[in-house]
Amino acid sequence: MDLDALAGCLSSSACLVTQTTSGLIIGMLLFLVAVGLTLIFGVLKVVNFSHGAFYMFGAYFAMAAYQLTGSFALAMLAGAAGTAILGLIFERVFMSRVYGADVLMQLLVCYAFVLIFDDVVRIIWGPEFKSMGMPSAFQVMPLFIAGGVVPPYYLLLIGVALVAAIVLGAGLSRTRIGKVIRAAAHNPGMVSALGINTGLIYGGVFALGGMLAGLAGALAAPVRSLTPGMGFSVLIESFIVTVIGGMGSILGALIGALLLGLIRSFGSLGFPLFTEGLMYLFMVIVLVSKPTGLFGKEAA
Amino acid sequence: MTELEAGRARALVPVSSGAALQRYRDVLIAVIAFAVLASLPLFTGSKALLDFVIRCSAYGLFATSLNLLVGYTGLTSFGHGMFFGLGAYGFGLIMQKLGVPIPVAFVATLAITAVIAAIIGAICVRLKEIYFAFVTLAFQMLIHSTILSWASFTGGDQGLRGGIPRPTFLGINLANHIHLYVASCALLILGLLAMRQIAQSPFGYTLRMIRDNAARASFLGIDVWRAKLTVFVLAALFAAMGGMVMALFVSGAYPEFAYWTISGEAIFINMLGGVSTFLGPMVGTVLLLLLNDTVTRFTEYHGIVLGVVILFFALGLRKGLLDFVAEWFARRRKTGEGR
């Protein structure tokens, strides 16, 4: 424990800015992964245990595309589109077979794919740490805000995540497709009786969730190192986010992810060894006081 | 599943004599199983085989105890591994720091586990389904983080090293490989027998009722919270037993023993073997360990092979192996009667 470091940081504006931005980017990446998870759970009622693998694939696809073309935009596109297609195939071919089955069966199918996907990445890209490298467009002087250092790439990352949050929120509440998706989440039998292809909606939602995780992976690729098991810790953390925020709530995922990001960045100062413990402690406290999460609806 | 339950219910009708008879049968099977396992070293000198059985004992106790929660009570715990880790660390630390005889450390570890399980269980069991799963997972990770960060006491990420002292007690020397083997088999058989008694007792049937219809059980005057808490603590004790066997086997304790993947493995074992028969998890344990050992010998990409096997079970059989076999027999008997 190092409470002096924490107090010292809280009293200096430079450190405060640096830690807050690093907390924000952790939180924003987590949000993109967690919102896909919460969306899939909300509509399909499936806990996608293999969601971390989509994050991993997003990062690797982006790296491959960047090395091939040298274009950062194409890399992001490859990460997002590649995982969307992967999600669609995964849902239609495998997950759709276990919807009626036991929750444990669904978990098992996902667990199998976590193992398979990790090995596939190991075969294609090798087991060692890889790095994509910062695109040259962002290799500029960092910004100084109130004495704190903020790399420009962080601003892009936060911006993209915020745009995704707004588009997603507005799309679900304002557009016709959003209404159909919400209706399918509420009563799939009725939606299907009204002549809407629910299989298509399920596949689409899964693809969207996978795409968001892939986008997060692609955005993270320049600032994190890539390894075959990288989806794992992200998966666990985004689980915590969805549980804290409430399963199925987009706003909850955003608030939960930001809280968790800040806990991680400031917790690593005050409790360097117990940072992870802090997150779990926070999750326990939320679950015990409000089992459905901060923004979850009362369980039916 | 329904056929099986119907079969079980029919066998239950003559409760008084039937239950006693079944108990004798179970004890007899246990004695025979122990005799077979314990005489194994007489026929083979293979250390690898004996090691395999010891590992099966540790994982088997652990996985079967999880089935008390998942299969019998319908409590899907994602954090059961924390008690496996607690058992290993509790036992190792007591032996290293206090130097008491092994049985004392054994009982003390069980007592500590019971207290911790009672506290965690009291918080967890009032939550439903997926939330129960998540909060147990959170507690597991909390314990894992504590083990990692309390390095001066637990050895941190290096694990509990320096070996676990094994003073001889009543002529039993656990430093001797054969003695350790026989002791592990004894613990496995005793543990399984005890869990079987719990599962077949009136309390065990109360648990099944809670699984099938908790509201009805509550209307009939059963304190559902207390019954769930009781089985949570009981299952934790057997998981800790498995952890202690593991600690003795590797002569130490490692943070992985308390990591969530070990809970995942136990759930996987249960699904592999089947949750609607008592010995399903035991079959699953042997299957998984065999699979792990053979596959890692042939390829470094054992994730793919393991994944495909899991998919075969989840999408092909759609149930555990022993469940599949039991249902197959039930179907055969039925068609036989119809003819």
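The values are calculated or read from the model by the stated rules, or taken from the named source; none is laboratory data. Not measured: the values here are computed from a predicted model. For neighbour counting, all protein chains shown are included, and Cβ atoms are generated from backbone atoms with ideal geometry for every residue, glycine included. For accessibility, only protein heavy atoms count, side chains too; no ligands or nucleic acids. Shrake-Rupley method; radii C 1.70, N 1.55, O 1.52, S 1.80 Å.
Points worth noting:
- Euclidean distance between Cα centres, segment A:175-216 to segment B:14-61, Å: 52
- Among B:G284, B:G303, B:G85, residue whose mean-square fluctuation peaks in a GNM of chain B (springs only between Cα atoms under 10 Å): B:G303
- For the segment B:297-309, counting C-beta atoms of other chains within 10 Å of every residue's C-beta and taking the mean gives 4.
- Check: the protein assembly as shown dipole with +1 on Lys, Arg Cβ and -1 on Asp, Glu Cβ, in debye: 1520
- Cysteines in the protein assembly as shown lacking a second Cys C-beta under 4.7 Å: A:C110, B:C56, B:C124, B:C185
- Relative contact order of chain B: 30 percent, from C-alpha pairs under 8 Å at least 6 residues apart in sequence.
- Shape class for segment B:16-258: oblate, because the ratio a/c of the largest to smallest gyration tensor axis (alpha-carbon atoms, square roots of eigenvalues) is 1.5 or more and b/c is at least a/b.
- Considering only A:E276, A:E128, A:E237, the mean-square fluctuation computed in a Gaussian network model of chain A, springs between alpha carbons under 10 angstrom, is largest for A:E128.
- Per-residue mean of C-beta atoms belonging to partner chains within 10 Å, peptide A:287-295: 3
- The B:I178 and B:R297 beta-carbon pair, evaluated with R₀ = 25 Å, returns a calculated FRET efficiency of approximately 0.45.
- Size of the A/B contact, given as accessible area buried on both chains, probe 1.4 Å, in Å²: 3500
- The relative contact order of chain A, computed from alpha carbon pairs under 8 Å that lie at least 6 residues apart in sequence, is 39 percent.
- Simple spin-label estimate for B:Y205 and B:A118 in nanometres, 7 Å along Cα-Cβ: 2.9
- Using the Cβ-Cβ distance between B:L290 and A:V149 with R0 = 41 Å, the FRET efficiency computed as 1/(1 + (r/R0)^6) comes to roughly 0.15.
- Mean Cβ neighbour count within 10 Å, used as a protection proxy, ranking A:21-29, A:67-75 highest first: A:21-29, A:67-75
- Most positive-pole-ward Cα, B:H177, B:M271, B:L193, against dipole of segment B:175-317 from beta carbon charges: B:L193
- The listed peptides B:161-167, A:288-294, B:214-220, B:226-232, ordered by packing as a protection proxy, come out as B:226-232, A:288-294, B:161-167, B:214-220 (highest mean of other Cβ atoms within 10 Å first).
- Nearest-ten-degree value, helix B:129-149 long axis tilted from longest Cα axis of chain B: 10
- Segment B:109-143 and segment B:237-311 have their alpha-carbon centroids 21 Å apart.
- Space enclosed by the convex hull of the alpha-carbon atoms of the protein assembly as shown, per residue, Å³: 186
- Note on B:254-267: average number of Cβ atoms from other chains within 10 Å of each residue's Cβ is 1.
- Over segment B:16-258, accessible surface divided per residue gives 41 Å², non-protein components excluded, 1.4 Å probe.
- Once all protein chains are placed together, B:D157 keeps about 110 Å² accessible to a 1.4 angstrom probe.
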